[in-house]
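The values are calculated or read from the model by the stated rules, or taken from the named source; none is laboratory data. Keep in mind that this is a model prediction, so the values were computed, not measured. Cβ sites come from the backbone with ideal geometry, for glycine too, and all protein chains shown count toward neighbours. Side chains are part of the model used for accessible areas, which takes the heavy atoms of the whole protein and leaves out ligands, DNA and RNA. Shrake-Rupley method; radii C 1.70, N 1.55, O 1.52, S 1.80 Å.
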Amino acid sequence: MALTINIPDALRRSVEAASGGLNTVLYTAKGQPSYMRVVPLRTLQSFTGQNLGTGTHPAFVVSGADKANLFLGLYPGCVKNGELLSLPGVDPAHSANFDTFVGYARACGTGWHCMTNPEWALLGHLCYENAFQPGGNNNYGQHESTGQYGVRADTGLPAIGGSGAGITRTLTGSGPTSWRHDNTPFGISDLNGNVWEWSPGMRVNAGEINIIANNDAALNATDLGASSAAWYAIDGATGALVAPGTAGTVKYATSGTADYTLVRASGSSFEGMTNPGGTPVGAAALALLKAHGCFPVAASGLGGDGFWVDVTSERVPLRGGYWIDGALRGVFALAIYYARSGADITVGARPAFVS
């Protein structure tokens, strides 16, 4: 069955009517529904005070063309009939590696993909713009120790007001409105905790930051493999995209003052990252890195979300966090310590679509 977008079936009509058009339902190649948030195009300069540069936000640029809308999964993905779906009230998919989740998303049809690193960055920019950091399942079924909780997938009781133990994923979208990115019932849920989410389009390779241009990681035809020609490094002075391994590219480190190197101790807050090199990363490169969610847009106000990195070999990013570590989890949380072959009960992915 071909993907259908514009057919006004009863389910889509009801979802769009209830949300005032903020949400919709899209259908996969097998005709399965996914509940999606419609995100209209934004320019970089429209995010005032974040110093992202100018032009269309990279999340909306695919194969060199601007896209009027993105469709981002309202919920962490679940896998049904080999496809990655965004559905409410289910246990998030987990325990599959990067390439497997990419395959589940692409099996949905042309335009479907795992929510990419630029799309995650876009949501961070929206949250910071609105001065609202969403809560989520980051303390064994609850949000920190606030008494806000979701429905545990294991049917256990949340550790309300305290701590807990065990595997405590919550059913997708089962938390309160404050667990949605815009603090409304129609926002994107579970960006803080629950399960980490694979986030294609960025990696760290022996410390060097690599990206895939704009949002081309959303293309089904883009090779996301370790040896792909789609990977670019970032010139530390100009922000130009250059071949990986080129001299003077931007890197991460956990200490030191090397040229063009961003520094943050692994396990610390993302917002505390510094640019202390003897030759620091230039303004144009920093703007590009902010637009891709690789450098903080501010030194505070990002929820204290955590940053973890392994600079010894290729590592691909995880976003959002899982059900422990409290304040370190959130929409800006970034972990770049898993190899693409890793699989864990704490790691899933979220579907997205662009036409």
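In table form, for the structure just shown:
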| item | result |
| --- | --- |
| Size of electric dipole in segment 1-144: Cβ of Lys, Arg +1 and of Asp, Glu -1, about Cα centre, debye, nearest 20 | 300 debye |
| Within-9-Å neighbourhood charge of GLY136 [Cβ basis; K, R +1; D, E -1] | 0 |
| Three-way shape call for segment 44-197 based on the alpha-carbon gyration tensor, with the a/c threshold at 1.5 | oblate |
| For segment 130-147, 3J(HN,Hα) per residue [Karplus equation, 6.51 cos²θ - 1.76 cosθ + 1.60, θ = phi - 60°, Hz, x = Gly/Pro] | 8, 6, 9, 9, x, x, x, 7, 10, 8, 6, x, 10, 8, 6, 10, 8, x |
| Full-extension gain in nm, SER227 to LYS80, via 0.36 nm per residue minus C-alpha separation | 49.9 nm |
| Peptides 246-259, 136-149 ordered by average Cβ neighbours within 10 Å, highest first | 136-149, 246-259 |
| Using a Förster distance of 25 Å, the FRET efficiency for ALA68-ALA298 (Cβ separation, nearest 0.05) | 0.30 |
| Neighbour net charge for PRO280 - beta-carbon separation under 15 angstrom, K R +1, D E -1 | +1 |
| Over the chain, relative contact order from alpha-carbon pairs under 8 Å, at least 6 apart, % | 21 percent |
| Local electrostatic count at THR246 - Lys and Arg +1, Asp and Glu -1, tallied over other residues with Cβ under 14 Å | -2 |
| Segment 279-355-segment 60-84 distance, computed between alpha-carbon centres (Å) | 19 Å |
| Residue-wise HN-Hα coupling along segment 76-88, computed from phi with Karplus coefficients 6.51, -1.76, 1.60 (Hz; x: Gly, Pro) | x, x, 10, 10, 9, 6, x, 10, 8, 10, 9, 10, x |
| Segment 266-353 - percent relative contact order, Cα under 8 Å, separation 6 or more | 29 percent |
| Surface share of carbon and sulfur [accessible, 1.4 angstrom probe, percent] for the chain | 55 percent |
| Gained length - ASP325 relative to ASP259, 0.36 nm times residue gap less alpha-carbon distance | 20.5 nm |
| Cα centre as origin, Lys/Arg/Asp/Glu Cβ charges: segment 143-224 dipole, Debye | 260 debye |
| Per residue accessible area in Å² of segment 36-180, where ligands, DNA and RNA are left out and the probe is 1.4 Å | 35 Å² |
| Residues of type aspartates and glutamates that LYS251 reaches as a straight line, Cα spacing below 12 Å, ignoring anything fewer than 8 places off in the same chain | GLU208, ASP235, ASP259, ASP310 |
| Shape of segment 14-114, Cα gyration tensor, a/c cut at 1.5 | prolate |
| R0 of 25 Å, Cβ-Cβ distance ALA240-ASN51: FRET efficiency to nearest 0.05 | 0.85 |
| Set of aspartates and glutamates near LYS30 by C-alpha distance (under 14 Å), chain-local residues within fewer than 8 positions excluded | GLU83 |
| Given charges at beta-carbon only (K, R positive; D, E negative), |dipole| of segment 1-85 in Debye | 80 debye |
